[in-house]
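Engineer: Before I ask anything, let me first share the structure, which is written out below as structure tokens.
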Amino acid sequence: MEISLSDNALKTFARCITCLARIGNELAIQVYSSQLLFHTINSSRSAYQCIALKPGFFDAYNVSGNSVQCSVLLKAVCAVLRTPITNIDHLTVRLPDPDASKLQWILDCYNGMRKTYWITCNVEPDIQHLSLDRQKFPSNFVVSPRDLSRLLANFQSSLQEITIIATEPSSLPLDASNEIGGKAVELRSYMDPTKDNDTLLHTQLWIDPKEEFLQYVHTGDPIDVTFSVKELKAFLSFCEGCEVDLHLHFEKAGDRPILMAPKFGLEDGSHSNFDATLVLATMLISQLHEGAASEPLAGATRTHPHTEERNASYMQQENCRANVSSELPSDHTRIWSDLSVSAFKSISPLEERRAQGETILNDDRQREMQRISTMQISGLTSVPGNNPIDSNVPTEKDHGQEPQDAMQDNGQAISQHHRSNWVDAEEDDEDEQDEDDQYIQPTPPYYEEH
Amino acid sequence: MEEEEAPDVICELENVQGLVDALTAVRWKRQQDAVLELSEHGIVLIVEESGCLQAKVYLKRELFIRYDYNARGGRPRFGVSLGHFVDCLNAFSVPAGQSISSLVQIQYPGPDMQLLLKSVDSLDASICAEIRTRIPDTIAWDYNFEPAGANPLTFTVKSAALKEAIEDLEWPGSSIKITLEPDPPSVSLRAEGHGDLQIDFMYYVNSELLVAFQCDHQASFKYKYKFLRATTSNMPSSVIKENRGSKLSIGRGGMLKVQHLVSIAKPSVSHPYADSVGYQQPSRIAHIEFFVKPEESED
């Protein structure tokens, strides 16, 4: 097997390696007559990237026999590409025979130097395959890398997970859409309930997909997905370097991962000589469902007026901040405050449960296990067994019933609330007046509690 | 009243930065002891490590605006901390952009056998520094570089390329084997560790890379990576910018000599010794030599 490349293809190749190295440690290489595949997966098996390069991508593409496959350490490949790309005339990768123990990387530099690297390779790699049909994801959006980078810049740079909440834009009447602005998508920093989040900045960003996205597809009830930011940024840099848009496919929280791919100028992308996909596992528990699930507990442990006071105070604060910073109309603020209230509810019950000692510890452990287990991409072949999770199957099943029930209630509540507020203007006015009266009175007790 | 003895050497230098660059080139670790040897021809600074690596900086008397040598008997030799010496010289450097020239006087010995540095042409203030010296340890052996045979084994390569090659060769994590081949004329640097890397300089590929090449028979020797890296790790940026060449020679027993040239004078400064504007006489160049002993062959 021998391949060689130069010029712009070499630059793209270097970007591929850089992105892969930010995902995993080992590079699996498969060379077929029709294409060359690079695979990598991170150590926690929550991120998987595959890059396909067609023979036309290369200056020379020679494969003896049917196929060749091996794996090498990505840090060794990065050592090869430490030489500035602008100094490299062309790169040749050679595997003398299928059983060779070292993969040759030859750099011919413009200044006359030739550098030949022999990288130890594993000729029998355990290559993970993950095939997801991106057409089967019900929701997706296309965004330019620069725009998404600009949006992410609003979040704390050390943020580890982020939540995307998608709602149906077509449900808005045309007039209402114009008035409200059609902010159908929310980006929210994820707060791990098992960690101390006091020092973390919590950020929520509402987005009008018509303004920020090149394409947006979502129908039905609101959904959310929570996934890692680190890999997202790696892929974002890759797309920006290749001057292509980013296409993100998602379904819902739970055992369904998200899939990212570059969006080439042409619809089918058949004219491109390379393609890439990044699959990220999502958090098991929905941020929407978790908020609703905690509601019964809150009702059971607190008096009704007290709960209303806390919620009202929080909403009052939210309204003030929103109106001052973004001048959002009150109708919109009320709509999105529902989601904020859900998030708020998910925090206070946890704080209360911490006082229970042993119970809260067990709950924390369970959450951590769930988090760890759900961060593995489902459907991945050769996934090792996870005994600790298996031993907790009964508990998990019992716990899983409540979210399912709450899911339906929460969905219905949100849908009904959205329709009633968006359709009937008179009711909005009346509700607003009532809420104003409620907000003024309980403000002092809320701050005293803090 | 007894008359004061004249110091062994009083010299004055106009461009301190050039001297700092030259001395920094042989500074491969933070704490280094150096030996200064004074003679009527100039100053030689010597540093050494582990009996396997030695570096010399030759500062000819022509580099100095004034050079008064009054030592009687043998050539004065004294030890000094290289780090302290460089740091003190930096204190006399003129900030970039200023047109004021800084004249530094170096005198040895001082009243207490110290090395004295002083700015002498400042109108407002004067900077003085005293550096403690010590009696140098007797060097166990001197590096007598002898040709490998009747014909020299030598090549000159761009300093930037040499530096890049040695930096890349850190990845395998082992000693470096240098091989000179007469046919086709080429130089190879190879390291084998958890990965292998070979870097080839082909004489006929690019005449601007391998500037000169002399080899009548194959020669191959191994050197510890850290010693080879020391020969280029602190090469002044001026050497890279001026696109100079470094000369490497293999002597008897595989002794490697690496020679760099570092400019001391400012190119734009007009000087009485310059024949014409822009021309830089060889006397304005500091010569730096590294000597590296080969690794013992296991064969």
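The values are calculated or read from the model by the stated rules, or taken from the named source; none is laboratory data. The shown structure was predicted, so the numbers you read here are calculated from the model rather than taken from an experiment. Cβ: placed from backbone, ideal geometry, glycine included. Neighbour counts: every protein chain shown.
Engineer: Restrict the check to the range A:238-245 and report whether at least one residue is more than 30 Å from A:ALA9 (Cβ to Cβ) and either in contact with a strand residue (DSSP E or B) (Cβ under 8 Å, 6 or more places away or on another chain) or in the same structural domain as A:GLN49 (by the TED database) (or both). Steps first, please.
Structural biologist: Step one: list which residues in the range A:238-245 are more than 30 Å from A:ALA9 (Cβ to Cβ), which gives none.
No, the range A:238-245 contains no residue that is more than 30 Å from A:ALA9 (Cβ to Cβ) and either in contact with a strand residue (DSSP E or B) (Cβ under 8 Å, 6 or more places away or on another chain) or in the same structural domain as A:GLN49 (by the TED database) (or both).
Engineer: Same structure again: Determine whether A:LEU103 is within 14 Å of another protein chain (Cβ to nearest Cβ), over 20 Å from A:LEU278 (Cβ atoms) and surrounded by 17 or more Cβ atoms within 10 Å (Cβ to Cβ).
Structural biologist: Against the criterion (within 14 Å of another protein chain (Cβ to nearest Cβ), over 20 Å from A:LEU278 (Cβ atoms) and surrounded by 17 or more Cβ atoms within 10 Å (Cβ to Cβ)), A:LEU103 qualifies.
Engineer: Oh, and also: Within the range B:266-278, is there a residue that is more than 24 Å from B:TRP171 (Cβ to Cβ), modelled with pLDDT under 85 and surrounded by 15 or more Cβ atoms within 10 Å (Cβ to Cβ)?
Structural biologist: Within the range B:266-278, one or more residues are more than 24 Å from B:TRP171 (Cβ to Cβ), modelled with pLDDT under 85 and surrounded by 15 or more Cβ atoms within 10 Å (Cβ to Cβ).
Engineer: Name the single residue, out of those in the range A:73-99 being charged (D, E, K, R) and over 12 Å from A:CYS109 (Cα atoms), that is nearest to the chain's Cα centre (by Cα).
Structural biologist: A:LYS75
Engineer: Condition check: part of a helix (DSSP H, G or I) and either without any contact (Cβ under 8 Å) to a residue 60 or more places away in the chain or farther than 30 Å from A:GLN160 by Cβ (or both). Does A:THR18 satisfy that?
Structural biologist: The answer is no for A:THR18.
Engineer: Next question, about the same structure. Taking the criterion of being assigned to a loop (DSSP other than H, G, I, E, B) and closer than 20 Å to B:LYS257 by Cα, would at least one residue in the range B:2-14 satisfy it?
Structural biologist: Scanning the range B:2-14 turns up no residue that is assigned to a loop (DSSP other than H, G, I, E, B) and closer than 20 Å to B:LYS257 by Cα.
Engineer: Select, from B:ALA191, B:ALA165, B:ALA161, the only residue that is touching a Cys at 6+ places or on another chain (Cβ under 9 Å), closer than 25 Å to A:ALA76 by Cβ and not assigned by the TED database to the domain that holds B:GLU49.
Structural biologist: B:ALA161
Engineer: Can you tell me which condition B:ILE250 does not meet? The list is (1) within 23 Å of the chain's Cα centre (by Cα); (2) within 14 Å of chain A (Cβ to nearest Cβ), and all the others hold.
Structural biologist: (2)
Engineer: Let me spell it out: the conditions are (1) surrounded by fewer than 20 Cβ atoms within 10 Å (Cβ to Cβ); (2) within 16 Å of B:VAL26 (Cβ to Cβ); (3) among the aliphatic types (A, V, I, L, M); (4) modelled with pLDDT under 85, and B:MET235 meets all of them except one. Which number is the exception?
Structural biologist: (1)
Engineer: Oh, and also: Got a number for residues in the range A:235-290 being within 30 Å of A:THR194 (Cα to Cα), assigned to a loop (DSSP other than H, G, I, E, B) and modelled with pLDDT of 90 or more?
Structural biologist: 3
Engineer: Filter the range A:119-138 down to the residues that are in contact with a Phe, Trp or Tyr (Cβ under 8 Å, 6 or more places away or on another chain) and modelled with pLDDT under 95, then identify the one that is nearest to A:LEU74 (Cα to Cα).
Structural biologist: Selected residue: A:GLN128.
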